[in-house]
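Comments concern the structure below.
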Amino acid sequence: MIEIDGQIYALDDPLVIAVLAGVGVVFLILVLLIMAVRAAGQSAKLSAPLAQQLGILGQHVQQLGAGQEQLRGGLQTVSDTQAMAQTQVIQTMETRLATVQQQMQDRLADNALRSARSLSDMQERVKEALHGSSKQTTTSLTQLQERLAAIDKAQDNITKLSGDVLSLQDILSNKQTRGAFGEIQLHDIVSKALPKDSFSFQHTLSNGKRADCLVHLPNPPGPIVIDSKFPLEAYEALRNAETDWDLKEAVAKMKVAVTKHISDISSKYILDGETADGALMFLPSEAVYAELHANFPELVRKGFDVRVWIVSPTTCMATLNTMRAILKDARMREHAGAIRSELAKLVADVDRLGTRVGNLDRHFSQASKDIEEIKISSDKAGKRAHRLDNFDFEDLSPDENANVVPLAKPDH
């Protein structure tokens, strides 16, 4: 509610609302006029520099037009110069092209002559080469026939060798012959590594068991047995296994075979008071030995537990060389007394030699002194003989004159 001059008007009266709206519009128009006036003043202030810049821009535009005219004239000059240069280049190129064409024609003619000559020479060479090739072919065929004959001979040797291999397979397929093969190999290795009197083959022990080889080592450790074993069937089954079941069966077969060999050697060839407290199991195959150490370490440890050491040809040779050193040391100890006696005699001989050398040195010193005195006497005698030869009596000294015997006057 609004009260004006004693009259009250309601705010929701349409007339009051229209009057208020008109007043607001008038107020807004006044504000906009004031802002427009201010904006016009500011525009007037800003338009002066803009007018100056427009003037400067006009001058630049005039200068740009003049530069455009100059550029048009320069482009015309360049175009004329380029046209003249193109004309000269074309003329020069035509002249050079004619010269090059003439040179090419000359060269082509020369090349044609050279090609004809080369072709003729090549034909001659081909003829000679064909003639030489025919000779070489004949020689090569002769050599080929000789080589084919050599190949036929080698084929016969291969056939014979294959038969030998088959016979070797037959030998290895039999347990007895395979055992003999291992014993022969062991015999060869031991014979080369040890002295002849330090081992014996097929030695019979007190329990009636016969050992392949007995090495006579001194105590300790005492004589040691080397027995040859060859589990070939188990190894071949292991190598030829195609399925997991075959491999499992072959592994079990290998374990059983090696374990049996270790047990047999431990029970038969290790005797208290007669042999050493260990024995060697000789495998004549490096492949089987490598397979055991690579994939069956428990079998090797089992051998260690019962003092059965597994050796291959290579490791057996190394072990035998160690035994040879032990035998040499034992023999040196056995002959220690004789060696000491000989050393004492050697010391006495050396002392005696020293004494005699000293005596000889003294004799040489005395002889050297006597020789020096003899040389002095010889020099004096030589001088006197020389003076006597020249009758040089006036040079005698007074002492020497006193010793001169005067000559007696002869009686008349």
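Laboratory data are not the source of any read-out in this text; all were calculated from the coordinates shown. It should be emphasised that the depicted structure is a prediction, and the values quoted were computed from it without experimental measurement. All Cβ positions, even for glycine, are placed from backbone atoms using ideal geometry, and neighbour counts span all protein chains on display.
Brief remarks follow.
- At full extension, Asp188 and Gln70 could sit 30.9 nm farther apart than now, given 0.36 nm per residue minus the alpha carbon distance.
- As a proxy for reagent exposure, ranking Ile189, Ile371 by other Cβ atoms within 10 Å from fewest up yields Ile371, Ile189.
- Sorting Ile151, Ile226 by the number of Cβ atoms found within 10 Å of their own Cβ, with the fewest placed first, yields Ile151, Ile226.
- Annotation: extensible slack from Ile151 through Asp106 equals 10.0 nm (criterion: 0.36 nm per residue apart, minus Cα-Cα distance).
- Non-local lysine pairs in the stretch 176-343, meaning eight or more places apart or on different chains, with alpha-carbon distances under 18 Å, amount to 15.
- Calculated FRET efficiency, Met93 to Glu128, Cβ-Cβ distance, R0 = 41 Å: about 0.25 to the nearest 0.05.
- Amide N of the stretch 189-211 lying under 14 Å from the label point, which is placed 7 angstrom from the Cα of Arg324 along Cα→Cβ: 189-199
- Set of lysines near Lys127 by C-alpha distance (under 24 Å), chain-local residues within fewer than 8 positions excluded: Lys135
- Here the label points at Ala338 and Val78, each 7 Å from Cα along the C-beta direction, are separated by 12.1 nm in the simple model.
- Ranked list, fewest to most other Cβ atoms within 10 Å of each Cβ, for Leu320, Leu194, Leu280: Leu194, Leu320, Leu280
- Interchain or long-range residues, amide H under 5 Å from Ile310's placed H: Met281
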